[in-house]
Amino acid sequence: MKPIFNDKASLVLRQMLRYPDQEWVVRDFEKEPGVGRGWAAKVLAILREKGYLEGAASGRTAFAFFRHGHELIQEWANDYDFALNKTHVYYTPDTGLLPKIKQFFSRFSKKEAYVLTLHTGANLITNFVRTSNVYLYLNPADFKKVSLELRQAFDLKELKKGGNVYIIEPYYKKSVFFGLQKIKGYSVASNLQLYLDLYHFPERGREHAEYLERLLKEKGESLA
């Protein structure tokens, strides 16, 4: 994984992609998404070197504005692999588990408790891949506790492969919840994270990623 796409650096990228028309200075990233000026300056310098920024590079009036956002996302998708995450595989005979998971998490006050990803999350936008598999990230801060509660609540059986419930410890510990969206009452990863996760996923992932991108474009919505 290239340094520009690591967890902390990606917070800067996600924020810039979210507001592509804004002019940026390093202090803009301190409050949201919580990146220090020194680190933000390093990320902006790399982006400028790679041709993704324009504007004054130094001095009291230094600023940057973003360009070629689509090309950056494609470079990122080519570099990223969902296998970077640590996935725990389980099985349940219950094919109607997803609404029960939504109910399970309704008692959590922290909205970043979980997000759906891969086909599970993207299908709530596209309805593109027929599958009963459930893929969800849990917040790494309390992963063991919440994972155990889920397993006990739904009597999930641990497997090495071939399951239908995938509980994921995120590689992007800080940024995987950035831009999470609520769809039909579910917490879903951002469009960008869905795209990244799907892009190299072996089971119709690329096909679904490209369909998601086309559908969002038709709706006038952003992949970021």
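Can you tell me which residues in the range 186-218 are exposed (fewer than 13 other Cβ atoms within 10 Å of the Cβ) and either part of a helix (DSSP H, G or I) or at pLDDT 95 or above (or both)?
Selection gives R214, K217, E218.
Residue-by-condition table, conditions (1) of a type outside the set (D, E); (2) under 23 Å from H200 (Cα atoms); (3) assigned to a helix (DSSP H, G or I); (4) modelled with pLDDT of 90 or more:
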| residue | (1), (2), (3), (4) |
| --- | --- |
| G34 | yes, no, no, no |
| G51 | yes, no, no, yes |
| V89 | yes, yes, no, yes |
| D94 | no, no, no, yes |
| K100 | yes, no, yes, yes |
| I125 | yes, yes, yes, yes |
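Which of the following residues is exposed (fewer than 14 other Cβ atoms within 10 Å of the Cβ), touching a residue at least 12 places away in the same chain (Cβ under 8 Å) and under 27 Å from L116 (Cβ atoms): E71, E32, E23?
One residue alone meets the criteria, E32.
Which condition from (1) touching a residue at least 60 places away in the same chain (Cβ under 8 Å); (2) in contact with a strand residue (DSSP E or B) (Cβ under 9 Å, 6 or more places away or on another chain) is the one that V146 breaks?
V146 satisfies all of (1) touching a residue at least 60 places away in the same chain (Cβ under 8 Å); (2) in contact with a strand residue (DSSP E or B) (Cβ under 9 Å, 6 or more places away or on another chain) except (1).
Just need a number here: residues in the range 88-130 that are surrounded by 14 or more Cβ atoms within 10 Å (Cβ to Cβ) and polar (S, T, N, Q).
Residues in the range 88-130 being surrounded by 14 or more Cβ atoms within 10 Å (Cβ to Cβ) and polar (S, T, N, Q): 5 in total.
Does F143 satisfy the condition of being outside any helix (DSSP H, G or I) and surrounded by 14 or more Cβ atoms within 10 Å (Cβ to Cβ)?
no
Among the residues in the range 157-165, are any within 17 Å of S132 (Cα to Cα), assigned to a helix (DSSP H, G or I) and either over 11 Å from the mean Cα position of the chain (by Cα) or at pLDDT below 95 (or both)?
No, the range 157-165 contains no residue that is within 17 Å of S132 (Cα to Cα), assigned to a helix (DSSP H, G or I) and either over 11 Å from the mean Cα position of the chain (by Cα) or at pLDDT below 95 (or both).
Can you spot a residue in the range 30-43 that is acidic (D, E) and farther than 20 Å from W76 by Cβ?
Yes: the range 30-43 contains one or more residues that are acidic (D, E) and farther than 20 Å from W76 by Cβ.
Hey, among the residues in the range 53-68 that are at pLDDT 85 or above and part of a loop (DSSP other than H, G, I, E, B), which one's surrounded by the fewest Cβ atoms within 10 Å (Cβ to Cβ)?
R67
The values are calculated or read from the model by the stated rules, or taken from the named source; none is laboratory data. Only a predicted model underlies this, so the values are computations on that prediction, with no experimental measurement involved. As a convention, Cβ positions derive from the backbone with ideal geometry for all residues, glycine included, and neighbour counts pool all protein chains shown.
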